[in-house]
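Read-outs: derived from the displayed coordinates by stated rules, not from any lab. Please read these numbers as outputs of a predicted model, since none were measured by experiment. Here Cβ is always computed from backbone atoms with ideal geometry, including for glycine, and neighbour counts include all displayed protein chains.
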Amino acid sequence: MSWIEIALSVVPSRAEVVGELLLRFAPQGLWEAPADRSRRMLRAYVPATTTGRLIIARLRRAVRASFPDCALRTRILRGASWARAWRGQARTVRVGRLIVRRARRTSGAPSRRAGVAIHLDAGMAFGSGDHPSTQLCLRAIDWYVRPGSTVIDLGTGSGILAIAAARLGARRVVALDSDPIAIEVAKANVRSNRVASVVTVRRGNSLAGVHAAADVIVANLTADILPPIAPDVPRRLSPGGRFVASGFGSARSPEVEAAFLRAGLTVTSVERLRGWCAVHGVAARLRGKTLPR
């Protein structure tokens, strides 16, 4: 299958809001990197199909209307070209105890010598470990997941967060995504990291079909998707359980916080990294109690 790479050159001050726009049109993934000293380069991908071309046409109109100073370019990537593009952009990322590396060609379990390693091939799924929202979620997992925890990863993408939770000792992880490509990529990464006995990957775009209580729920989605799932979160959290939502910039943080407050959660903190945010919360019944990070 072929893919269309979308490349947007933006000034650093607009990378956050333009990145959010790009993720609305191409939710499968987003890379952000310096283009030069004065610009940032945002890259995302859509299938080279009629639908993909319609998405790009709509994105062009949205960019021209709101960000006329942004330069948008596209190119076709076929299978081998896409693999080279992914491998060229992926890099080793360390977040707390977690180390995310490109998928290895050698066999064997990931090494713990230099930390808790995750070997990843993101394919066409969101979650290479390089994006700030993914790093914010990895940081939260490093803080909150304990041996024996039950974790729900909503919007799993490449499976990176689910694998991280399993590698940190979670007893059970349910990983959900609505994108069939992400499901296949996540399953492959779960197998290659040898955590298939812990992580269950299945299709889903909400918590409605999940009946287990979780110690940690993490949702790396967008500001448009997060508010509708908020009412289901308190019913899926164990006593003392933590909820983390990311995938949006500072401008959208207040509305995400408000949605979870209305749902009965207490927002304990809002973490920020390079213009992106993660809202951390607990069930409101625990209000006033001191909870360890």
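For the reader, a short list of remarks on this structure follows.
- 5 angstrom amide H check on residue 121, placed H, neighbours 5+ away: 103
- Footprinting exposure proxy ranking of 200, 222, 50, 92, fewest other C-beta atoms within 10 angstrom first, gives 50, 92, 200, 222.
- In plain terms, the residue of 31, 276, 143 with the fewest other Cβ atoms within 10 Å comes first and the most crowded comes last, giving 143, 31, 276.
- The alpha carbon centroids of region 180-201 and region 56-71 are separated by 36 Å.
- Per-residue ³J(HN,Hα) for region 211-228, Karplus 6.51 cos²θ - 1.76 cosθ + 1.60, θ = phi - 60°, Hz, x for Gly and Pro: 10, 6, 7, 10, 7, 9, 10, 10, 9, 9, 10, 9, 5, 7, 8, 5, x, x
- Residues with amide H under 5 Å from that of residue 214, placed H, sequence gap 5 or more: 237, 238
- Close amide H partners of residue 40, meaning residues 5 or more places away or on another chain with modelled amide H under 5 Å apart, are 10, 11, 35.
- Relative exposure of 260, 243, 25, judged by other C-beta atoms within 10 Å (fewest first): 25, 260, 243
- Residue 203-residue 255 FRET efficiency (beta carbon distance; Förster radius 25 Å; 0.05 resolution): 0.40
- Computed from backbone phi, the HN-Hα couplings of region 260-265 come to 6, 5, 4, 7, x, 9 Hz, rounded to whole numbers (Karplus: 6.51 cos²θ - 1.76 cosθ + 1.60, θ = phi - 60°; Gly and Pro given as x).
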